[in-house]
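Q: The structure's right below; bear with me while I get my questions together.
The values are calculated or read from the model by the stated rules, or taken from the named source; none is laboratory data. Worth saying up front: this structure is predicted, and the values here are computed from it rather than measured. As a convention, Cβ positions derive from the backbone with ideal geometry for all residues, glycine included, and neighbour counts pool all protein chains shown.
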Amino acid sequence: MFFAHCNMRCLFCQNQEISRGKIAEGKVRYRGVDEVVEGIAKMLPECENVVGFVSATQYAYAIPQIVEGLHERGLFPTTVYNSNGYESVETLREIEPYVDVYLPDMKYMDKELGWRYSGTKEYPRVAGAAIEEMVRQKGSRLMCDERGLAFRGVVIRHLVLPGQTENSKRVIDWVAERLPWNTQLSLMAQYYPVGENLPDELGRKLSREEYDEVVEYMDEKGLANGWVQEMEASETYRPDFGKNQVFSLREVR
């Protein structure tokens, strides 16, 4: 379930069809808690009884209402809170009973980069405190059932940006130094240039050499739990919010 708008303003946002101020009418299918609950209830039979709340920070106050609404219908899905990481600890504590898995980004360890690319103040401090709170709540170990589906834990994502390998290495340092050894880190290569007025360094795809450098550094720091993406991810992870199926695998040429 993608939520409209965002509390960040990333220049390179891949969801900008719905994250910006003005959103085309046809891009929003559900309005209000009741419609969201109804929409999730209809989709759950086609899923693995997992519901992801994507970019829900600005609507976090509604998460308890949505989950309780599902429970009232006899539906008890695993809930995943998919976040850019720029969260308040107080809000996370309020939604703690309603979230099973946290899926936060850790985008920057350079606060100036956070301001320049995403319009955030003190991103490393705010996101760092938020992720530590998520780990306190759910633990660092990702717990999965016999089918391999996660039902509790935290996965930290980091998108490697072109020209910013040093920032990525500092993110890896932070995870290795501040969090338990078994923390799950998902290193992503899916960046592609989108949006207007991108700075020159963001106007191209990530190179294989850049990504390999960061992957190697992650190995050196002993972060063995997690995932790395294929370079082709930049072609396949492209959302289209005009379709019922937002993500569809595209042929890689």
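Q: Which pairs do you get when a residue that is within 14 Å of Lys169 (Cβ to Cβ), found in the range 202-214, comes within reach of a residue that is among the hydroxyl-bearing types (Ser, Thr, Tyr) and part of a helix (DSSP H, G or I), reach meaning Cβ atoms under 6 angstrom, with the pair 6+ apart or on two chains?
A: Short answer, once both residue conditions are applied: Glu210/Thr165; Glu213/Thr165; Val214/Thr165; Val214/Ser168.
Q: Restricting the range 1-37 to residues that are touching a residue at least 40 places away in the same chain (Cβ under 8 Å), among the charged types (D, E, K, R) and within 14 Å of Val246 (Cα to Cα), which is surrounded by the most Cβ atoms within 10 Å (Cβ to Cβ)?
A: The qualifying residue surrounded by the most Cβ atoms within 10 Å (Cβ to Cβ) is Glu17.
Q: In addition: Contact list please: Cβ distance under 7 Å, first residue in the range 54-75 and within 25 Å of Met8 (Cα to Cα), second residue of a type in the set (Asp, Glu), pairs at least six apart or on different chains.
A: Partner pairs satisfying both residue conditions: Thr57/Glu87.
Q: Take Val155 and decide whether it is in a helix (DSSP H, G or I), modelled with pLDDT of 95 or more and not small (Gly, Ala, Ser).
A: Details: in a helix (DSSP H, G or I): no; modelled with pLDDT of 95 or more: yes; not small (Gly, Ala, Ser): yes.
No; evaluated as a whole, the condition is false for this residue.
Q: List every residue pair whose Cβ atoms lie under 6 Å apart, where the two residues are 6 or more positions apart in sequence or sit on different chains, the first residue falls within the range 219-241 and is on the phi < 0 side of the Ramachandran plot and assigned to a loop (DSSP other than H, G, I, E, B), and the second residue, located anywhere, is basic (Lys, Arg) and modelled with pLDDT of 90 or more.
A: That search, which allows pairs on different chains as well, returns Met231/Arg208.
Q: What do you reckon, is Tyr211 within 24 Å of Asn15 (Cα to Cα) and modelled with pLDDT under 95?
A: The answer is no for Tyr211.
Q: Can I ask one more? Here are some conditions: (1) within 30 Å of Gly203 (Cα to Cα); (2) assigned to a loop (DSSP other than H, G, I, E, B); (3) not aliphatic (A, V, I, L, M). Glu17 meets all but one. Which one does it not meet?
A: Against the list (1) within 30 Å of Gly203 (Cα to Cα); (2) assigned to a loop (DSSP other than H, G, I, E, B); (3) not aliphatic (A, V, I, L, M), Glu17 comes up short only on (2).
Q: Among the residues of the range 186-193, is there at least one that is surrounded by 16 or more Cβ atoms within 10 Å (Cβ to Cβ), assigned to a loop (DSSP other than H, G, I, E, B), polar (S, T, N, Q) and more than 18 Å from the chain's Cα centre (by Cα)?
A: Within the range 186-193, none of the residues are surrounded by 16 or more Cβ atoms within 10 Å (Cβ to Cβ), assigned to a loop (DSSP other than H, G, I, E, B), polar (S, T, N, Q) and more than 18 Å from the chain's Cα centre (by Cα).
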